[in-house]
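Have a look at the structure below before the remarks.
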2 protein chains.
Amino acid sequence: MQRADARFNRDRVVAAAREAFASAGLEVPMREVARRAGVGVATLYRHFPTRTELVATVLAERVEDCGVQVRRALDDPDPWRALSGVVREFAERQIHDRALNEALLGPGEVSAAFQRERREHAQALNVLVGRARAAGVLRDGVDADDVRAGLLAIASLRRLPAATSARVIGRVADLVLAGIRA
Amino acid sequence: MQRADARFNRDRVVAAAREAFASAGLEVPMREVARRAGVGVATLYRHFPTRTELVATVLAERVEDCGVQVRRALDDPDPWRALSGVVREFAERQIHDRALNEALLGPGEVSAAFQRERREHAQALNVLVGRARAAGVLRDGVDADDVRAGLLAIASLRRLPAATSARVIGRVADLVLAGIRA
DNA sequence: CCCACAGCGGAACGCCTGCTCCGTTTCCGG
DNA sequence: CCGGAAACGGAGCAGGCGTTCCGCTGTGGG
């Protein structure tokens, strides 16, 4: 039987981790997450037996957010606005959340749900690119992998000093859009 | 008086560090560099009192390489070929050297010579962009900062798993070039 | 040739990390 | 209201890092 305070503490841990990861990156120490949550490390480890699991939990939310966004774009009747909106909003998201970028870059650390979500995301993106291409708004030879590469490039930029990253991300997003447009 | 074997060992350390940083990234442990060089850690520390100094020494070489490349491009009479060549060769360099990317991204760790070289590099790039713009081969509104942002994006990509990074870097380089071209 | 001393290697120190152990506190069903 | 189980917190452990210390080695000027 799950006790009420346990559930409450779990939520506090997740909230603290979300905030810490977003502002300081995925490498923030477990002690620090526990401190921010106002619990001991043991409590943290009781809910998430390993660091990887905590990261995966928080990342799953972020990745799902991206999925929701892409699926919403599927409803937009204007193919270019839909695709460029996805790119721009993705860039915006990177500026405000340091964790997301490492979710897409780090080698292993993937959960099952995470993988599935990523696949759905890729598929939706394929559809968007297909529509844009059919509408003739894409430069010849541009495919979904090019767009994915562009998104990856935007995500990677999150590493540089915070002061400059925001402006650079914006420029690169524009560059990518200019690069795929007819 | 500097003994001959000391000088020899110093060279071995630099060579080992160069190779290690290129293949495994800047975060490779000092012990590992010493092991590769076939010396003890103390020998390493006698020549480079701190990790940062060793990194700076190796990075200075890399950054100078970039400078040489950009200055050579200044001799190319075709403005677009010169500029696109710089972008492409920069991308190529990233694929083969993991250290260079972190040189441009990491927050602090800069030496004096390093700073100067970077400024010269920036200036040469400004000239190349100026010429390309004068020749009318650039899309309206594109400036040197856009190109720099593109190079930064390419550099950042070096972080993802080696298997995919090469292909993605190539795609992004093409995307950037397409994005700045008229 | 020889021995002072520049130079060497690797054990050791201090710090930080992820993770575990265990005595104590808190919840909650009866 | 009470007792036992669930949950807690923080000290502690193992391992990895950068850096230092110190007794030994081998180079090279006299």
Return the Rg/Rh value of the stretch A:59-101, two decimal places, where both radii are evaluated on C-alpha atoms and Rh is the Kirkwood radius.
-> 1.00
Please state the Cα pair-distance histogram of the stretch A:1-94 with 5 angstrom bins from zero: what percent is in each bin?
-> 2, 13, 20, 18, 12, 10, 9, 8, 5, 2, 0
Short version: ³J(HN,Hα) in whole Hz for each residue of the stretch A:73-81, in order, from phi by Karplus 6.51 cos²θ - 1.76 cosθ + 1.60 (θ = phi - 60°), x for Gly and Pro, what are they?
-> 5, 4, 7, 6, x, 8, x, 5, 4
About the Cα centre of the protein assembly as shown, how large is the charge dipole given +1 on each Lys and Arg Cβ and -1 on each Asp and Glu Cβ? Please answer in debye to the nearest 20.
-> 720
Using θ = phi - 60° and the Karplus curve 6.51 cos²θ - 1.76 cosθ + 1.60, what whole-Hz ³J(HN,Hα) does each residue of the stretch B:28-45 get, with Gly and Pro shown as x?
-> 4, x, 4, 3, 5, 4, 4, 4, 4, 7, x, 10, x, 4, 4, 4, 4, 6
Note down the relative contact order for the stretch A:1-67 as a percent, whole number, built from C-alpha pairs under 8 angstrom at least six residues apart.
-> 33
What accessible area per residue, rounded to a whole number of Å², is obtained for the protein assembly as shown using a probe radius of 1.4 Å?
-> 49
Using a label point 7 angstrom from Cα along Cα-to-C-beta, what distances in nm, from shortest up, separate residue B:96 from the other copies?
-> 4.3
Using a Förster distance of 30 angstrom, determine the FRET efficiency expected from the C-beta separation of residue B:143 and residue B:116, and round it to 0.05.
-> 0.85
Which whole number gives the average, over all residues in B:158-166, of C-beta atoms from other chains lying within 10 Å of the residue C-beta?
-> 3
Mind computing the radius of gyration and Dmax over the alpha-carbon atoms of the stretch A:1-49? Å is fine for both.
-> 10.5, 35
If you place +1 on the Cβ of every Lys and Arg and -1 on the Cβ of every Asp and Glu, how big does the dipole about the Cα centre of chain A come out, in debye to the nearest 20?
-> 400
Would you mind listing the distances between the residue A:181 label point and the same position in each other copy? Use 7 Å along Cα-to-C-beta, nm, one decimal, shortest first.
-> 1.7
Kirkwood hydrodynamic radius of chain A from all distinct Cα pairs, in Å?
-> 17.6
Dividing the mean separation of Cα pairs under 8 Å (6+ apart) by the residue count of chain B yields a relative contact order in percent of 23
What is the mean number of Cβ atoms from other protein chains located within 10 Å of the Cβ atom of each residue in peptide B:132-143, rounded to a whole number?
-> 1
Dipole check, chain B, charges on Cβ (K,R +1; D,E -1), about Cα centroid: among B:28, B:55, B:39 the Cα furthest to the positive pole belongs to B:39
Label residue A:163 and residue A:51 with points 7 Å out from Cα along Cα→Cβ: what is the distance between them in nm?
-> 2.9
Any chance you could run the full-extension gain for residue A:127 through residue A:181? It's 0.36 nm times the residue separation minus the Cα-Cα distance, nm to one decimal.
-> 17.8 nm
How big is the Kirkwood radius of the protein assembly as shown, worked out from every pair of different alpha carbons and given in Å to one decimal?
-> 22.6
Just need the relative contact order of the stretch B:92-182 here, percent rounded to a whole number, with Cα pairs under 8 Å and 6+ apart.
-> 40
Going residue by residue through the stretch A:114-130, the Karplus relation 6.51 cos²θ - 1.76 cosθ + 1.60 with θ = phi - 60° gives ³J(HN,Hα) values, rounded to whole Hz and with x marking Gly or Pro, of 4, 4, 4, 4, 5, 5, 4, 4, 4, 5, 4, 5, 4, 4, 4, 5, x
If the label for residue B:141 sits 7 angstrom from Cα along the Cα-to-Cβ line, what are its distances to the same label in every other copy, in nm to one decimal, shortest first?
-> 2.4
Mind checking how much accessible area A and B bury in total, 1.4 Å probe, in Å² rounded to 100?
-> 1900
Give me the angle, in degrees from 0 to 90, between the Cα long axis of helix A:162-180 and the longest principal axis of the Cα atoms of chain A, rounded to the nearest 10.
-> 30
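The values are calculated or read from the model by the stated rules, or taken from the named source; none is laboratory data. All figures in this text were calculated on a predicted structure; none of them were measured in a lab. Please note: Cβ atoms are built from the backbone with ideal geometry, for glycine as well, and neighbour counts cover all protein chains shown. Keep in mind that these areas ignore ligands, DNA and RNA; they rest on the heavy atoms of the full protein, side chains included. Shrake-Rupley method; radii C 1.70, N 1.55, O 1.52, S 1.80 Å.
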